[in-house]
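Notes to accompany the following structure.
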Amino acid sequence: MGNTGVNALREPWNKGKIVGQKAPFKLKDIWALRVRFQMEHRVRELALLNPGIDSKLRGCDLVALKVRDVCHGDQVATRAIVLQHKTQPPVQFEITPATREALQAWIKQAGLKSDDFIFPSRLHDSPHLGTRQYARILGHWVVELGLDRADYGTHSMRRTKATLIYRRTKNLRAVQLLLGRSKLDYLPRRTMSRSCSML
């Protein structure tokens with residue numbers, strides 16, 4: 001009986017929220033964030049933003065990256081292979097020069113070693129940045145850009161580069177492989193075309 005009152009007062013998690021596919025970021029928004037982070041010396045956030053775009057990883061995989069996943073010795077590699085937690089197939093991605101530079105600067109500033117998580121949590125009960133923490137950080141970025149938080153989420157990061165690649169190639173199979181997807185119906189043609197217009 002005691003729980004009935006609590007459950008009656010509990011609101012649905014999505015009440016008043018717009019749910020569904022999140023929009024990819026426009027290139028101008030990504031560059032605006034990069035310039036802001038560089039000018040304000042926000043090294044950690046730049047190191048989080050750039051691989052988030054490059055890797056096309058889900059948030060849970062991005063925050064769990066270790067230094068050894070992206071480094072060969074003391075240098076950031078040009079490519080990395082990561083095993084996805086959700087679907088298991090490994091995903092290979094390019095680490096662009098700007099991302100290598102951002103990661104190198106953060107790893108050096110934070111004094112991280114090979115077995116360390118790239119984004120250690122500032123909370124004592126978590127070894128690395130949590131997906132909710134990541135979502136909150138990204139939410140602040142969206143607000144800084146003057147965008148509506150309801151339209152964007154961590155999946156926006158994953159979709160941004162994939163959408164750009166589709167816009168250039170019109171190749172759904174290539175996007176599927178880049179995202180490590182086993183089904184093409186994840187990115188229906190009409191959805192990708194609509195997303196591309198947003199870049």
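Details
- Test: residue in the stretch 36-44 that is without any contact (Cβ under 8 Å) to a residue 12 or more places away in the chain and in contact with a helix residue (DSSP H, G or I) (Cβ under 7 Å, 6 or more places away or on another chain): yes
- The residues on offer are Ala135, Ala174, Ala110, Ala150, and the sole one that is more than 16 Å from Cys60 (Cα to Cα) and either in contact with a helix residue (DSSP H, G or I) (Cβ under 6 Å, 6 or more places away or on another chain) or at pLDDT below 90 (or both) is Ala174.
- For Asp29, the conditions (1) surrounded by fewer than 20 Cβ atoms within 10 Å (Cβ to Cβ); (2) within 22 Å of Leu147 (Cβ to Cβ) are fulfilled apart from (1).
- Of all residues in the stretch 83-106, none satisfies being more than 16 Å from the chain's Cα centre (by Cα), buried (at least 16 other Cβ atoms within 10 Å of the Cβ) and part of a loop (DSSP other than H, G, I, E, B).
- Every condition in (1) within 24 Å of Arg34 (Cα to Cα); (2) without any contact (Cβ under 8 Å) to a residue 60 or more places away in the chain is met by Leu62 except one, and the failing one is (2).
- Positions within the stretch 25-39 being of a type in the set (Lys, Arg) and part of a helix (DSSP H, G or I), in sequence order: Lys28, Arg34, Arg36
The values are calculated or read from the model by the stated rules, or taken from the named source; none is laboratory data. Only a predicted model underlies this, so the values are computations on that prediction, with no experimental measurement involved. Virtual Cβ from ideal backbone geometry, glycine too; neighbours counted across all protein chains shown.
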